[in-house]
1. Would it be correct to say that Ala295 is modelled with pLDDT under 90 and among the small types (Gly, Ala, Ser)?
2. Filter region 86-102 down to residues that are among the polar types (S, T, N, Q) and modelled with pLDDT of 85 or more, then give me how many there are.
3. Can you name every residue in region 543-580 that is charged (D, E, K, R), touching a helix residue (DSSP H, G or I) at 6+ places or on another chain (Cβ under 6 Å) and over 30 Å from Thr706 (Cα atoms)?
4. Out of (1) open to solvent by 30 Å² or more (accessible area, probe 1.4 Å); (2) farther than 21 Å from Gly300 by Cα, the odd one out for Gln501 is which?
5. Just the residues that are touching a Lys or Arg at 6+ places or on another chain (Cβ under 8 Å) and open to solvent by 20 Å² or more (accessible area, probe 1.4 Å), please, taken from region 427-439.
6. Check region 27-44 and report whether any residue there is out of contact with any Asp or Glu (no Cβ under 6 Å at 6 or more places or on another chain), buried (at least 24 other Cβ atoms within 10 Å of the Cβ) and under 22 Å from Ala760 (Cα atoms).
7. From the list Val167, Val175, which one is within 22 Å of the chain's Cα centre (by Cα), assigned by TED's automatic domain parsing to the domain that holds Thr84, surrounded by fewer than 24 Cβ atoms within 10 Å (Cβ to Cβ) and β-branched (Val, Ile, Thr)?
8. Kindly provide the set of residues from region 371-387 that are in contact with a helix residue (DSSP H, G or I) (Cβ under 6 Å, 6 or more places away or on another chain) and either without any contact (Cβ under 8 Å) to a residue 60 or more places away in the chain or under 15 Å from Ala330 (Cβ atoms) (or both), ordered by number.
Amino acid sequence: MRATPSAGGLIWLVTLLAASLLGFEVSLMRVLLVAGWHHFAFVVISVALLGFGASGTALYLTRRWVVRHAAIVLTFLSLATAATMPICTGLAQHVPIEMTIAPALLGGLIGRWLLYWALLTVPFFLGAAALGLALMVCGGRVAVVYAGNLLGSAAGALAAPLLMTVVSPAWLPLVMGCGAALAAAGVAAGSPARRSAAIAACAAAVGLFLWLDPPHVRLDAFKRGAQIQRLAAQDAVERVGRVLGPRSVLEAYRGRVLHDIPFLGVGQDPPAISVLLADGHWVGSVLEVQSADEAGIVDGMLMASVYDLAPQGPRVALLGETGGLNIWLAARHAARAIDVVQPDRRLTVLLRGPLRNLGGAVLDLPNVRVWPAEPRHFIEHTHDSFDVIQLVMTESSAAGSGGIGGLAQDYLLTIEGLTACLGRLEAHGLLAVGRAIQSPPRDNLKLLATVVEALRSLGVVDASRHVVILRDYLAVLTLVKPTPFSDAQIQRVRAICRDRQLTPVWFSGIQAQELNQPDALPGPTEGPGDWLNHAAVQLFGPAADRFIDEWAFDIRPPTDTRPFFSDFCRLSSIEAMRAAYGDLWLTRTELAFLFVLAAAVSVTVAAVAMILPLALIRVAQGRRGGWATAAYFGCLGLGYLLLEMTFLAHLTVLIGDSVLAAAVTIGGFLFFSGLGSLVSRFLGRRRAQNVRWIILCLVVGALVETIGLRHWEVAAGLPVAGRLALGLGLIAPLAFAMGFPMPMGLARLAGGMPGLIAWAWGANGFASVLAAPLAMVLAMTWGYHITTAFALAAYLAAGVVFGLLPQASWTTDRS
């Protein structure tokens with residue numbers, strides 16, 4: 001029996017296994033988005049890399065035995081990876097986790113979260129152990145085998161979104177597990193009969209588990225999708241449409257018990273509707289009407305006030321419109337043109353297909369045009385001007401979910417995004433943004449602060465004359481003009497408030513007796529207005545910066561380098577929250593940033609707990625080279641992932657499609673890094689000097705490209721294919737250079753101390769574990785430019801340390 005598989009078998013295993021692991025990683029993000037309120041990409045990445053780091057520890061401790069029995073161990077690890085992908089994902093669905101936190105149950109919730117993530121770590125640990133062992137036994141072909149790892153990962157990153165168009169999220173882990181099982185075929189030990197028996201046993205174990213527990217995704221009990229499921233179980237609603245895709249699983253349900261119409265005033269009797277869900281989140285409603293005359297219900301929406309101020313026959317842009325409510329509203333006010341901007345093409349397919357006779361035909365009204373584009377990209381590159389631009393997607397932005405929505409990146413609700421919107425308005429045009437009321441207020445305050453900065457960027461000195469803010473008992477409507485509201489328009493605003501029973505919050509010349517009625521909200525004791533009015537006075541005044549710094553929540557205007565509009569967490573306010581609310585302070589605190597910090601601490605503790613004992617063992621045994629190895633490969637892991645996440649943020653805006661941007665960024669970095677790894681084997685001589693020059697070129701190139709990516713006007717007018725090509729063109733030279741340092745370091749260890757390869761594999765994995773949450777902490781606090789600086793500093797440090805790595809002349813200890 002061959003102890004070490006052939007080179008071809010190792011490359012086959014590494015390539016297929018890496019593709020399966022990366023595909024499983026992406027699949028988990030979709031499963032988590034369906035199950036909860038966010039895809040938790042940075043946590044999934046950390047969990048995956050924690051498995052990689054732990055595998056390095058295990059391989060180092062068992063290095064002599066696993067190398068002697070490489071073929072058997074690789075076969076076992078590959079098949080175990082294949083089996084645990086669907087099994088561990090299935091078991092995790094039985095762990096009750098949710099983001100609505102009851103303080104008395106916090107300890108139990110933390111324990112369940114740790115169990116949940118521990119289960120999902122298992123497949124990554126097993127698969128990474130197989131990859132690490134392959135690198136340990138491949139000899140002089142380390143660069144080629146490592147390139148197979150990167151190229152396979154690139155293939156998995158690109159294949160996963162394609163599979164999502166035909167495979168339900170619950171079944172994706174099983175599909176990825178099949179790829180891992182195929183990987184075992186290249187190295188399986190024993191006779192063909194034994195190999196077949198091993199694969200059959202793996203398949204039988206998985207089949208039995210799936211028979212006992214069919215694949216499913218457990219939804220958070222507080223999600224709208226979970227509520228709809230309960231109604232469906234009672235036959236109160238029926239599903240009338242479902243479409244799979246890489247963006248989301250879109251579903252449509254109808255039933256007389258459904259009344260999901262945002263910001264609808266009292267006294268309205270809604271007609272039958274269908275609700276639209278994306279990964280279990282409510283995203284819109286479809287009125288079951290066939291003409292504008294039948295859609296009178298929409299006149300009771302808060303947004304109807306916009307058309308009382310808009311010119312006759314307006315041209316309207318609805319950014320992020322989903323079910324057609326706002327299309328009917330615009331049609332009832334004789335809009336001469338309605339541009340619907342919706343990035344998910346499958347939503348249009350759903351409306352024009354299964355929902356066509358249930359109101360979906362609203363998209364086919366003669367004056368309606370549908371644009372399949374990201375709203376920010378559309379508004380920056382359209383040549384049209386509008387009388388009304390409505391940010392529809394903000395109306396479905398829940399303030400709940402424990403504040404986890406703060407992890408989401410929104411490039412429309414930034415200073416640059418709102419500036420672009422104002423720039424596409426006619427002089428008399430209106431930008432309309434509706435948000436639900438929160439107490440204490442935060443998102444409407446951050447919106448106003450961002451509007452003020454956007455107006456100032458256009459040269460407006462007195463922003464207070466360009467803004468009108470109205471509310472009812474449910475929501476706040478912010479209206480912004482590129483030119484000041486006239487006295488006649490202000491009088492019209494007063495009439496709208498009187499006729500529609502709305503409460504004015506702000507307009508130029510508002511009087512004290514007009515404030516906080518008819519619907520009163522809490523406010524400062526020294527004035528008649530509510531907190532929203534108080535904030536408006538401060539934000540329009542000279543003390544705006546001080547007010548922003550002192551408010552209990554983070555209401556700093558977001559920018560393209562810090563695009564986290566829904567992140568309101570302010571650490572300095574936690575003590576005040578605890579003093580004010582006692583044991584219930586967590587229910588009033590935005591948790592997104594706290595969750596990131598907790599994740600960073602947790603994975604760091606886990607990483608240190610696994611790698612520190614090995615470090616102590618090496619010190620006790622007096623072995624050389626361990627710290628230099630850990631520093632070099634750790635810096636590479638940190639720098640690579642930080643830089644990749646920074647480019648993902650920039651390319652999302654450049655390409656104008658978040659899913660395509662993720663595929664291009666992840667796939668492009670891995671593919672071109674794989675090519676760099678292949679070429680690196682030809683730079684054997686004078687490795688230290690070569691690596692330092694490569695890293696220097698990498699740092700300079702990254703600086704030039706990240707600065708250039710802030711000015712993506714060069715992409716204006718390019719089709720999607722052109723923007724994708726431009727994105728790949730920017731990634732290619734940088735990622736190609738990033739593919740050199742890792743295999744060149746491994747090759748140096750292979751010639752000096754091959755036993756340190758497992759140590760290097762673990763150190764790289766553990767540093768990458770920290771990189772994912774660290775990138776979020778840096779970006780949410782200071783912006784992606786600081787994340788870039790950390791990444792480049794890590795690469796420079798690696799260049800300095802490379803010369804300290806063990807090499808062939810270190811013959812006293814080769815373990």
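The values are calculated or read from the model by the stated rules, or taken from the named source; none is laboratory data. Everything numeric here is computed off the predicted structure, so don't read it as measured data. Glycine also receives a Cβ, built like all others from the backbone with ideal geometry; neighbour counts cover every protein chain displayed. Note: accessible area is taken over every heavy atom of the protein model, side chains too, but ligands, DNA and RNA are not part of it. Shrake-Rupley method; radii C 1.70, N 1.55, O 1.52, S 1.80 Å.
1. Values: modelled with pLDDT under 90: yes; among the small types (Gly, Ala, Ser): yes.
Yes, satisfied.
2. Applying the first criterion (among the polar types (S, T, N, Q)) to region 86-102 yields 89, 93, 100.
Then drop every residue that is not modelled with pLDDT of 85 or more, which leaves 89, 93.
Residues that pass the stated criteria total 2.
3. Arg578
4. With (1) open to solvent by 30 Å² or more (accessible area, probe 1.4 Å); (2) farther than 21 Å from Gly300 by Cα applied to Gln501, the lone miss is (2).
5. In the first step, residues of region 427-439 are kept if they are touching a Lys or Arg at 6+ places or on another chain (Cβ under 8 Å); the result is 428-431, 437.
His428, Ile437, listed by residue number.
6. No - not one qualifying residue is present in region 27-44.
7. Working: Val175 fails: within 22 Å of the chain's Cα centre (by Cα).
Result: Val167 is the single residue among Val167, Val175 that is within 22 Å of the chain's Cα centre (by Cα), assigned by TED's automatic domain parsing to the domain that holds Thr84, surrounded by fewer than 24 Cβ atoms within 10 Å (Cβ to Cβ) and β-branched (Val, Ile, Thr).
8. As a first pass, look at region 371-387 and keep what is in contact with a helix residue (DSSP H, G or I) (Cβ under 6 Å, 6 or more places away or on another chain): 371-372, 376, 379-380.
Answer for region 371-387, where residues must be in contact with a helix residue (DSSP H, G or I) (Cβ under 6 Å, 6 or more places away or on another chain) and either without any contact (Cβ under 8 Å) to a residue 60 or more places away in the chain or under 15 Å from Ala330 (Cβ atoms) (or both): Trp371, Pro372.
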